[in-house]
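Structure first, commentary second.
The values are calculated or read from the model by the stated rules, or taken from the named source; none is laboratory data. Since we're looking at a predicted model, the values are computed, not measured. Cβ sites come from the backbone with ideal geometry, for glycine too, and all protein chains shown count toward neighbours. Side chains are part of the model used for accessible areas, which takes the heavy atoms of the whole protein and leaves out ligands, DNA and RNA. Shrake-Rupley method; radii C 1.70, N 1.55, O 1.52, S 1.80 Å.
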Amino acid sequence: MTVETVDPVRRQRFVFSPQGDILRADVWTAPGGDVPPHYHPAQTERFEVVSGEVEFRIGRTARRAKPGDRLTVEPGVVHAFKNRGPVEALVRIEAEPALRLQAFLEEAAALARAGKYSQRGVPRGFRAAAQLAELMERYADVTVMAFPPRVVQRLLLSPLARFARKRQ
């Protein structure tokens, strides 16, 4: 049975297919939908645009990709993408090693469905900030957001994450 994960904030739908130490995912992104700037400390991520038109930012380079285009992002490189076209885009993604990326994306989507943060990633209140901090701290070995700067994240995430754990 195929399970679809929906993220209404990022305007995406995911279908995951873990295969050994590789996580494969089909990601349908509505026009204007995006993945914010982030990096993976220990994963290589490969992207293939299946349909639509997607703008990728890898490091400081922007590239518009069309069906058939493939891109690779090495560990530690900040990257993002946005559907710049007028129709839904399908991007096929592989992350290697898989680590806990699927769990991170599923939990982030659940927070989005619960209305915990805005399109810009801004938490909707203190408790939402604490929940997001706890998520980011718990998955720091998998995904690190590029904003706020890492030094700010280190100062703020731990106290907020502790608050969130106490509230559970």
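Where the only charges are on Cβ atoms (+1 Lys, Arg; -1 Asp, Glu), what is the dipole of segment 1-63 about its Cα centre, to the nearest 20 debye? Provide the component values of the computation, followed by the final result.
Values: 8 positive and 9 negative charges, 38 e Å.
Charge dipole, segment 1-63, about its Cα centre: 180 debye, nearest 20.
Just going by the charge dipole of the chain, with Lys and Arg at +1 and Asp and Glu at -1 on Cβ, which of L99, A42, A114 is farthest out on the positive end?
The residue sitting most towards the positive pole is A114.
Assigning unit charges at the beta carbon (Lys, Arg +1; Asp, Glu -1) and nothing else, what dipole magnitude in debye, to the nearest 20, does the chain show about its Cα centre?
Numbers: 27 positive and 19 negative charges, 165 e Å.
Magnitude of the dipole: close to 800 debye.
Working from Cα positions, state the angle (0 to 90°, nearest 10) between the long axis of helix 150-167 and the longest principal axis of the chain.
The angle comes out near 60 degrees.
Of the heavy-atom accessible surface of the chain (probe 1.4 angstrom), what whole percent is carbon and sulfur?
On the way: 4980 of 9030 Å².
Roughly 55 percent of what the probe reaches on the chain is carbon or sulfur.
Note down the relative contact order for segment 1-73 as a percent, whole number, built from C-alpha pairs under 8 angstrom at least six residues apart. Mind showing how you got there, number by number?
Details: 94 pairs, mean separation 15.0, N = 73.
Computed over segment 1-73, the figure is 21 percent.
Does anyone have the angle between helix 101-113 and the longest principal axis of the chain? Alpha-carbon axes, 0 to 90°, nearest 10?
70 degrees
Averaged per residue, what accessible area in Å² does the chain show with a 1.4 Å probe, protein chains only?
Per residue, the chain has an accessible area of 54 Å².
Evaluate the relative contact order of the chain (contact order divided by residue number), counting alpha-carbon pairs under 8 angstrom at least 6 apart; express in whole percent. Display every interim value, and only then the final one.
On the way: 357 pairs, mean separation 41.9, N = 168.
About 25 percent, as a whole number.
Quick one: dipole size for segment 60-139, taken about the Cα centre, charges +1 on Lys/Arg Cβ and -1 on Asp/Glu Cβ, in debye to the nearest 20.
For segment 60-139, the charge dipole is close to 460 debye.
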